[in-house]
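So the structure is just underneath, and the comments pick up after that.
The values are calculated or read from the model by the stated rules, or taken from the named source; none is laboratory data. As the structure is a prediction and not an experimental result, all values here were calculated from the model. No Cβ is skipped: glycine too gets one built from the backbone with ideal geometry, and neighbour counts run over all protein chains shown. Each accessible area value is taken on the protein alone, full model and side chains, heavy atoms only, with ligands, DNA and RNA left out. Shrake-Rupley method; radii C 1.70, N 1.55, O 1.52, S 1.80 Å.
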Amino acid sequence: MTDELKLTSLKWIGITLAVMFILPFAVAKLASECAGMALCMMLFLVINPIYSIILGVIAGRNIKKLWNLPLISAVAFLAGTWLFFDIHEPWFIVYATTYLCIGVVAMLITNYIKRK
C-alpha cells in the first residue's frame, strides 16, 4: 500500500469513527429525551445511510485496498450504538447490516463505472 493510500484509509477510518461512534455518543449522552429521539431517527435514517454511500464511493475507487471501509463502518456503528445507548437491541444488527449492504453496493457500482 502506498503512503497516499494509507493516509486516505486512515483518514476515512477516522471520519468513520466520528460518524458511527461519536455521533451516537453525542445523541445518547448530550441530547434530551425528546430531541434525542428525533436526532436518533435522523442519524439512523438519513446521516448513516448517506455516509455509507459516500464511503462506498470512496472504497470503490480503489476496491482492492479499501474494500474494508464499509465493513469497518458497520462494526463501528454497532459498537457505538450498543455501547452508548446501553440497549443491546438486536435490531441494531439489522441497521449495521443495511449500512454494510448500502456501502458494498455503492462500492461495486463505483468500481463498475470506473472500469467502464
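Applying the criterion of being assigned to a helix (DSSP H, G or I) and farther than 23 Å from Ile93 by Cβ to the residues of segment 39-67, the residue that is most open to solvent (accessible area, probe 1.4 Å) is Lys64.
Among the residues of segment 22-38, the ones that are crowded, with 17+ Cβ neighbours inside 10 Å and either within 14 Å of Val75 (Cα to Cα) or β-branched (Val, Ile, Thr) (or both) come to 2 in all.
Considering only segment 97-116, how many residues are polar (S, T, N, Q) and over 16 Å from Asn48 (Cβ atoms)?
Number of matching residues: 2.
Could you please find all residues in segment 97-116 being part of a helix (DSSP H, G or I) and either modelled with pLDDT under 95 or exposed (fewer than 14 other Cβ atoms within 10 Å of the Cβ) (or both)? Answer for segment 97-116, where residues must be part of a helix (DSSP H, G or I) and either modelled with pLDDT under 95 or exposed (fewer than 14 other Cβ atoms within 10 Å of the Cβ) (or both): Thr97, Tyr112, Ile113, Lys114, Arg115.
The residues of segment 1-23 that are of a type outside the set (A, V, I, L, M) and part of a helix (DSSP H, G or I), listed by number, are Asp3, Glu4, Lys6, Thr8, Ser9, Lys11, Trp12, Gly14, Thr16, Phe21. The lone criterion from (1) more than 11 Å from the chain's Cα centre (by Cα); (2) closer than 21 Å to Phe92 by Cα; (3) touching a residue at least 40 places away in the same chain (Cβ under 8 Å) left unmet by Leu30 is number (3). Counting only residues that are farther than 18 Å from Leu39 by Cα and in a helix (DSSP H, G or I), segment 82-96 holds 2 of them. Checked across segment 68-82, the condition of being open to solvent by 90 Å² or more (accessible area, probe 1.4 Å) and touching a residue at least 40 places away in the same chain (Cβ under 8 Å) holds for no residue. Criterion first (in a helix (DSSP H, G or I), over 18 Å from Ile93 (Cβ atoms), of a type outside the set (Val, Ile, Thr) and touching a Phe, Trp or Tyr at 6+ places or on another chain (Cβ under 9 Å)) does Ala79 satisfy it? For Ala79, the condition - in a helix (DSSP H, G or I), over 18 Å from Ile93 (Cβ atoms), of a type outside the set (Val, Ile, Thr) and touching a Phe, Trp or Tyr at 6+ places or on another chain (Cβ under 9 Å) - is not met.
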